[in-house]
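Contents: one structure, followed by commentary.
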Amino acid sequence: MSKHQLDYLDELEAEAIYILREVAGQFERPALLFSGGKDSITLVRLAEKAFRPGKFPFPLVHIDTGHNFVETIEYRDAMVKRLGEKLIIGHVQDSIDQGKVVEQKGEKKKKKKKKKKKKKKKKKN
């Protein structure tokens, strides 16, 4: 890798760290969404560079869709434990169960329902 490319990556990293610090300084209740995937792991690493040796000035937030690999959840939990940071977990299924959100049906299911309704109407007539 050439010196120019390394400098550019260093620039991008410095800009990302600056943005994290600005967000932490200017907003009342910032949070960092964290899924355990490669992108959010990268953001957590940038937060470490921005705020260590202190604690993060925001919690990590994971919205659990219920469609996660067990290994992803295990990795998430191990990483948060290693970091010693706060993790807030929201479960989509809880919101569905409480009626706060409605589970969307796929387009195929919607079309099937419409076809069934049309068939019922034809049988009645």
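Condition check: on the phi > 0 side of the Ramachandran plot and modelled with pLDDT of 90 or more. Does Gly84 satisfy that?
Values: on the phi > 0 side of the Ramachandran plot: yes; modelled with pLDDT of 90 or more: yes.
Criteria met by Gly84.
Residues checked against (1) at pLDDT 80 or above; (2) open to solvent by 70 Å² or more (accessible area, probe 1.4 Å); (3) part of a helix (DSSP H, G or I):
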| site | (1), (2), (3) |
| --- | --- |
| Met79 | yes, no, yes |
| Gly90 | yes, no, no |
| Gln93 | yes, yes, yes |
| Ile96 | yes, no, yes |
| Val101 | yes, no, no |
| Gln104 | no, yes, no |
| Lys111 | no, yes, yes |
| Lys115 | no, yes, yes |
| Lys123 | no, yes, yes |
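When we screen Asp77, Asp39, Asp64 for residues that are without any contact (Cβ under 8 Å) to a residue 24 or more places away in the chain and touching a strand residue (DSSP E or B) at 6+ places or on another chain (Cβ under 9 Å), the only hit is Asp77. Among the residues of segment 80-95, those that are of a type outside the set (D, E, K, R) and either touching a residue at least 12 places away in the same chain (Cβ under 8 Å) or within 15 Å of Lys38 (Cα to Cα) (or both) comprise Val80, Leu83, Gly84, Leu87, Ile88, Ile89, Gly90, His91, Val92, Gln93. Reported count of residues in segment 2-60, each being open to solvent by less than 60 Å² (accessible area, probe 1.4 Å) and part of a helix (DSSP H, G or I), is 14.
The values are calculated or read from the model by the stated rules, or taken from the named source; none is laboratory data. It should be emphasised that the depicted structure is a prediction, and the values quoted were computed from it without experimental measurement. Neighbour counts run over all protein chains shown; Cβ positions are idealised from the backbone, glycine included. Only protein heavy atoms, including side chains, enter the accessible area calculation; ligands, DNA and RNA are left aside. Shrake-Rupley method; radii C 1.70, N 1.55, O 1.52, S 1.80 Å.
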